[in-house]
Amino acid sequence: MKPNHYEQSRLCPSVTQGCAEKCSFGPRCRFLHDVGAYMATKPADLGSSCVLFQTFGKCTYGVTCRFAQAHLGHGYQNLINTDLAKQWEGRSLVRNNLSKDLQHQLRKRRFSFRKAEEYLRALAKPHGGGKKGGKATGSSVEGQEVSNCTAPLGDGLQCPVLPEQGEEPNPGGLQSPDPAGGEEVSSIKTIGPVTDEDVIKLRSCEKRKLEIQGKLYLAPLTTCGNLPFRRICKGFGADVTCGEMAVCTNLLQGQASEWALLKRHHSEDVFGVQLEGAFPDTMTKCAELLNQTIEVDFVDINVGCPIDLVYKKGGGCALMTRANKFEQIVRGMNSVLDVPLTVKIRTGVQEKVNVAHKIIPRIREWGAAMVTLHGRSREQRYTRSADWEYIAECARAASPMPLFGNGDILSYEDANRAMQMGVAGIMIARGALIKPWLFTEIKEQRHWDISSSQRFDILKDFTNYGLEHWGSDTQGVEKTRKFLLEWLSFLCRYIPVGLLEQLPQKINERPPYYLGRDYLETLMASQNVEDWIKISELLLGPVPTDFTFLPKHKANSYR
């Protein structure tokens, strides 16, 4: 539930930033400007030390900080540690922020999508005999569309149009558009000198390479794969990180909440973003937008999301059944990106009908740099074990393109067994949520019997990172608590190594109720929501009145 109690008696941001006379709302401002009146109603502080003040020498939340006693002087003046603040001055800790100017351009539809529009015009241009909506030559093999298209279109673009099922292929579909044929090739007026980029398309061999073979890849995890959690995993040895799934249409509209999913911490040295969409126009435009505005090492297409909200709109897993649109999306995004394009897929949609081995060679032809395969179908969700024999078959089909395997890795033995299947590397998802120190275990080839106090220190680090990222005011504290509770719904599944009769723990095995070696270990093993809330109160103080919590991922981990 979204807490709204902090909206009442809220201090104006202009007062917090020390420029009350420049309040943009003027006399119409509905927030408080009297600091004394605000402090009279402000909830009690949660502690005597503020992580922002200790780390950066200054807390930007001032009197609204829930740890304000650490940096408030006489007359509620916000204190600054000048020596420490100078060390961080001018340093960018988090990149890929949405600027107000860019948000304004997107909302007013003034952002230029030159490359994407060229590609989309090539798609829309009729081919062969002037027949509108003409399709490229193709053949149907086992009910799947297979492209025979090799001729370039326009600015070095490969013909991306495939025949839909039941349509007659057009033998004249491979004709290139003729600039001299009376049709206007481009309606965009250009100003200034022509550069190499205007006339010479970047060849695939000149693109930046994604060399992550053999590295540990933290999966893009919706809700739980936030920036503070990724920082925890980086500390334990994750090599590659990826932002949470972002919906392309929301990014194109300039939604700040969706752009927050693209933020990159400076410690993330190999970082990508994952996009979800169902149509080539929005996906290609979004790829060009990100290519121009943010710093990433690769862009991933989500073709594995199983949830109905995404699937019924034609995105996620549904793209595996829409080969025509899938090809147009991959080719279009690849044509506008300067960084490698990767694709994450499942074995298929239906439980006993695997189609990934047919799609993967075609994804390689379309220009993707890498494929990640989750060894389950959409219908299976998490009710069966991942099929690593099939992943090995797909790895052979993908060669020479690298293929990463994903599914059921919770120990270094699982990781070793996966690497023996011939994959280029492994992606870790739920295993990282259950025990984020798994990356250390794999690299050091050992089982870590981590103590409850060490695990509690990990939670402390997460809350500190959360307060840095979401803020140390009431709103930021409650947001940190929400994501901590979401993570605790997975952390409670970990069984301490010292209590196991047989190593290693399997990811789909759920233990009966057990007592830990101390009170804290027993509390962390509880699958009761009230106990998760109790842990959050140890770190972030008491919860607000009438507070309730239900995990977003209803994975049998709550009562």
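The values are calculated or read from the model by the stated rules, or taken from the named source; none is laboratory data. Just so you know, these numbers come straight off a predicted model, no measurement behind them. When we count neighbours, we look across all protein chains shown, and the Cβ atoms used for this are built from the backbone with ideal geometry, even at glycine. Accessible surface is based on the protein model in full, side chains and every heavy atom, while ligands, DNA and RNA are left aside. Shrake-Rupley method; radii C 1.70, N 1.55, O 1.52, S 1.80 Å.
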Quiz item: Could you say whether any residue in the range 345-363 is open to solvent by 10 Å² or more (accessible area, probe 1.4 Å) and in contact with a Pro (Cβ under 6 Å, 6 or more places away or on another chain)?
Solution: no
Please indicate, with yes or no, whether at least one residue in the range 533-555 is closer than 19 Å to GLU441 by Cβ and either without any contact (Cβ under 8 Å) to a residue 60 or more places away in the chain or open to solvent by less than 70 Å² (accessible area, probe 1.4 Å) (or both). no
* Is one or more of the residues making up the range 20-43 touching a residue at least 40 places away in the same chain (Cβ under 8 Å) and hydroxyl-bearing (Ser, Thr, Tyr)? -> no
Subset of the range 78-116, residues open to solvent by less than 40 Å² (accessible area, probe 1.4 Å) and in a helix (DSSP H, G or I), comes to LEU84, ALA85, LEU102, GLN103, LEU106, ALA116
Counted residues in the range 298-313 being in contact with a Lys or Arg (Cβ under 9 Å, 6 or more places away or on another chain) and either closer than 18 Å to LEU102 by Cα or surrounded by fewer than 20 Cβ atoms within 10 Å (Cβ to Cβ) (or both) come to 2
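Can you tell me which residue is farthest from the chain's Cα centre (by Cα) among those in the range 496-526 that are part of a loop (DSSP other than H, G, I, E, B) and buried (at least 17 other Cβ atoms within 10 Å of the Cβ)?
Only one residue tops the list, namely GLY516.
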Q) part of a helix (DSSP H, G or I) and open to solvent by less than 50 Å² (accessible area, probe 1.4 Å): does that describe VAL477? A) yes
Scanning the range 21-48 residue by residue, those surrounded by 16 or more Cβ atoms within 10 Å (Cβ to Cβ) and closer than 18 Å to HIS74 by Cβ turn out to be VAL35, TYR38, LYS42
Filtering the range 372-402 down to residues that are open to solvent by 40 Å² or more (accessible area, probe 1.4 Å) and under 22 Å from the mean Cα position of the chain (by Cα) yields ARG381, TYR382
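What do you reckon, is GLY405 open to solvent by less than 30 Å² (accessible area, probe 1.4 Å), assigned to a strand (DSSP E or B) and small (Gly, Ala, Ser)?
Working: open to solvent by less than 30 Å² (accessible area, probe 1.4 Å): yes; assigned to a strand (DSSP E or B): yes; small (Gly, Ala, Ser): yes.
Yes, satisfied.
For VAL349, state whether it is in contact (Cβ under 8 Å) with a residue 24 or more places away in the chain and within 16 Å of the chain's Cα centre (by Cα).
Judged against the criteria, VAL349 is not a match.
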Note on the range 58-77: residues assigned to a loop (DSSP other than H, G, I, E, B) and either among the hydroxyl-bearing types (Ser, Thr, Tyr) or surrounded by 22 or more Cβ atoms within 10 Å (Cβ to Cβ) (or both) are CYS59, THR60, TYR61, CYS65, ARG66, PHE67, HIS71
Of the listed residues (LEU46, LEU52), the one being in a loop (DSSP other than H, G, I, E, B), touching a Leu at 6+ places or on another chain (Cβ under 9 Å) and not acidic (Asp, Glu) is LEU46
